[in-house]
1. With +1 on the Cβ of every Lys and Arg and -1 on the Cβ of every Asp and Glu, and nothing else charged, how large is the dipole of the range 441-536 about its Cα centre, in debye rounded to the nearest 20?
2. Given +1 on the Cβ of Lys and Arg, -1 on the Cβ of Asp and Glu, and no further charges, what dipole in debye does the chain carry about its Cα centre, rounded to the nearest 20?
3. Loop-only trypsin sites (Lys or Arg not before Pro) in the range 500-597, please: DSSP not H, G, I, E or B, and at most 11 other Cβ atoms within 10 Å.
4. Carbon and sulfur atoms: what percent of the 1.4 Å accessible area of the range 609-754 do they account for?
5. Can you list residues from other chains, or at least 5 along the same chain, whose modelled amide H is less than 5 Å from the amide H of Leu571?
6. Step through the residues of the range 444-450 one at a time and calculate ³J(HN,Hα) from phi using the Karplus curve (6.51 cos²θ - 1.76 cosθ + 1.60, θ = phi - 60°), rounding each to whole Hz and writing x for Gly and Pro.
7. Tilt of helix 782-803 relative to the longest C-alpha principal axis of the chain, in degrees (0 to 90, nearest 10)?
8. Between Ile753 and Glu886, what is the FRET efficiency for a Förster distance of 35 Å, r being their Cβ-Cβ separation, to the nearest 0.05?
Amino acid sequence: MDAGDVHARELDEVVKRYRTSATSGLTDAEAAARLKEYGRNVLETTGGRRPMSILLGQFTELLVLILIAACIVSAFLGEFLDSLAILAIVLLNGILGFVQEYRAERSLKALRELAAPKATVIRDGREILVDSSMIVPGDLVIVGAGDRIPCDLRLVEEHSLEADEAALTGESEPVQKNAEAVLGDNTPLGDRVNAAFTGTVVTYGRGTGIAVATGMRTELGRIATMVSEVALEDTPLQERLRKLGKVLLWACLAICAVIFGLGLLRNVPPNEMFLTSVSLAVAAIPEGLPAVVTIALALGVQRMVKRHAVVRRLSSVETLGSTTVICSDKTGTLTRNEMRLVGAYVSGKLYDVADGTDKEVRGLLSRALLCTANFIKTYERDDVSLETAKTNPTENAIIEAALSSGLDPAAMKTGIGFVDEVPFDSSRKRMTAVYDDASGSLFAIMKGAPEVIIERSTSAEMPDGIVGIAVVADELARVNADMAKRGLRVLAVASRRLDAGTEVTQDIEEEMTFAGFLAIADPPRPEVYDAVEKCNVAGIRPIMITGDHRATAAAIAEEVGILAGDDGRILSGREMDAISDERLADMVVDTDVFARVTPFHKLRIVRAFKKRGAVVAMTGDGVNDAPALKEADIGVAMGIAGTDVSKEASDMILTDDNFATIVAAVEEGRAIFANLKKFIHFLLSCNAGELLVMLLATIGGLPLPLLPIQILWINLATDGPPALALGVDPPEVGLLNKPPRPRHAFLFDRREITLIFVQGFIIGIISVGAFVLMLYVLGKDLALARTMAFSVMMLSQKFHAFNCRSQTRSIFAVGFFSNPWLVLSFISLFLIHVAIIYVPFCQEVFKTVPLSVNDWLLMIAISSIPLFAMEAYKFARGIIKRIRKEEDEYFGLFPA
């Protein structure tokens, strides 16, 4: 049975299609037969990854495979300590990655928990309570206030029925249902007032409906299917590290081939050259890189928590810095998610919210307050408490504005009594409350849609008194249109006198006197304006994607700066249905707002932006957002208003549901990536120096200046702390003044790669130079020469860590002590190295011997060469840039 068009069909046709009764429902026998045919009303899991599969997947990354190979080779060569250290790194990364990805697989479980446990149905004409999983297509289901809808329904009848569909459609207001409506075939999900959907909640009234879809065939089930079908893609950081792994792999193979070939030319035995060349290749791998990256990202996660962002996938921290598009929901993220009175029109004059204490505005508010369901209920409770109800944000806005203006509910009730009401109905778009007063006569107050109230009014209150409605009709229409264009929700208020004893029916809703308009809105968060401006400066496109109406979305988007006036484009869900994915990918280039969208639309939008090469961050709080959150490069869920489904499908959760927090997270992501580059630059240049030492020694027929245990100690122990310290380096000024990095760009550009090799060359040359100086020039023994080479290698790399804080600014300008963690690592590692040289146990492990005072002075002088060489480079580069700038300014005075 196709439920996709039931909203566009007459009720009799729906009853006939589902072979049921609109009064007595199915028979027990028919329900049992359909349960066998259609299955249980549950959301099923499809193709979830098993924990073991997730765990094994952590060991398929190329860089990890290289480390595993290095681990095996080290064990084969008898270097068991090296092998165990590398194995520990591999396991650490595997466990951390497993924990992150396993949590991401729980989104469908959260979806299933949205199902209602019990439901009331009519079978054989009897109301019975059944497990919601036993509902079948054709069942007649009864729902009331507080119930979670157990399946998709085509409403048969309703009594003031309202449903909160925000989690499914993004609508900020409860939807007023109308069972009698017959809608168009292409009516968006949020406008299907004659239907109710699985997982949404009844906030007011009651109704009955025919079950038209159950289980995975419901709208919620379609979302579950989309979530399961979205594959997790690699983040930009993972792509860049994979490219780096390939470079390292080919470098290792090249090293093995070159060294093996050179050895054969020197008539060295092949087996000996094989072991030597493999040892060099292992030395070329920065074994500590994966661990340092993981720990640095984890530290970044902790810093982001302080900025109200909780990151669920470590690699997503860096991805934030690559973000080029932020697709944000409107309600609660860009706006406060609090309906407030922002303006009024009374007696021919416009007022803003600041005029809430004005006599005219207070008078209009007092009448509107008398015509709210909450005020009427105070008579039933016999008290005057007016706590706002979560079910009706519009009436909440009236109540809060009335109370803040100084109106006293107790005083208002003095001398008047509630008589009766004509309740609100979505088809009537109005409600009327009737009271009596001390004179014994009645007065009625009506509020509702402006066009309805004006149509039923014959006069209007103006500064000069009561005038005919025809006199001000054009002005009222203009004011109403202007408010609507600004995205405001407009309510009109009118009143009239009635004779005592008049029966309260719809007949009294005529010959009203128009009193005024109330303009209500969900205003933007104050910090959003600055956040959007930061996005524009940073080269990031903020995009609004919402289930709200076009006018409301346009007004908010234009106000906060997302919609670029006449140059911006708004695309509706219905317009998207008429175009192909290829056409959509072309249109997203200049579309700023997407309105009235469905879950599938959101998924298409994210994919369209990604097809254009964008790195997309998508925000969301509802069930409807889950597929798009999972598809986006960065799925951002709301921590306060977000459903469990959206949180489980996301990469990051905002604990304050604030758009500005996303921008702060992007800035933090850029800072983290900048620091990632610093310590990867540091590690690669250090490893290049170690490799050069071993390469020169092999080519020159020298004894090995560094032993394997010494290289491993430098790679893992002494390189790790400075790298981590660089990972928490204070961010540079102006990170958001630069454009985002291209998604597929390599970690380093050509100049940076050249610099890595030059710095590695300097470190390698001075280490070999110190070894040769001690062994051949000064005639020291091999153990002392190796200790000197080991010490120069270690200390020169620690000096070099200060170089890596900036490629353009002198360390003395940056501040030697502005990163205390780097200073602490330098001092700590220097003291540890002293222990390695002088403590007997350490001497035995690392094959070191004590150095004299003169040796220390010589070692420190040689080790500082990389620092001063880079300072000279930065100084020369700065002079050249200034000269070029002055030349450009000079020649710019002479136009061509």
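The values are calculated or read from the model by the stated rules, or taken from the named source; none is laboratory data. Remember, predicted model here, so these are calculated numbers, not experimental data. Every residue, glycine as well, gets a Cβ built from its backbone with ideal geometry; the counts of neighbours run over all protein chains shown. Only protein heavy atoms, including side chains, enter the accessible area calculation; ligands, DNA and RNA are left aside. Shrake-Rupley method; radii C 1.70, N 1.55, O 1.52, S 1.80 Å.
1. 340
2. 4140
3. Within the range 500-597, no trypsin sites (Lys or Arg not before Pro) qualify (loop, at most 11 other Cβ atoms within 10 Å).
4. Answer for the range 609-754 is 63 percent, counting heavy atoms of protein chains only.
5. Val593, Phe594, Ala595
6. 10, 10, 10, 9, x, 4, x
7. Relative to the chain, helix 782-803 is tipped by roughly 30 degrees.
8. The value I calculate is 0.75.
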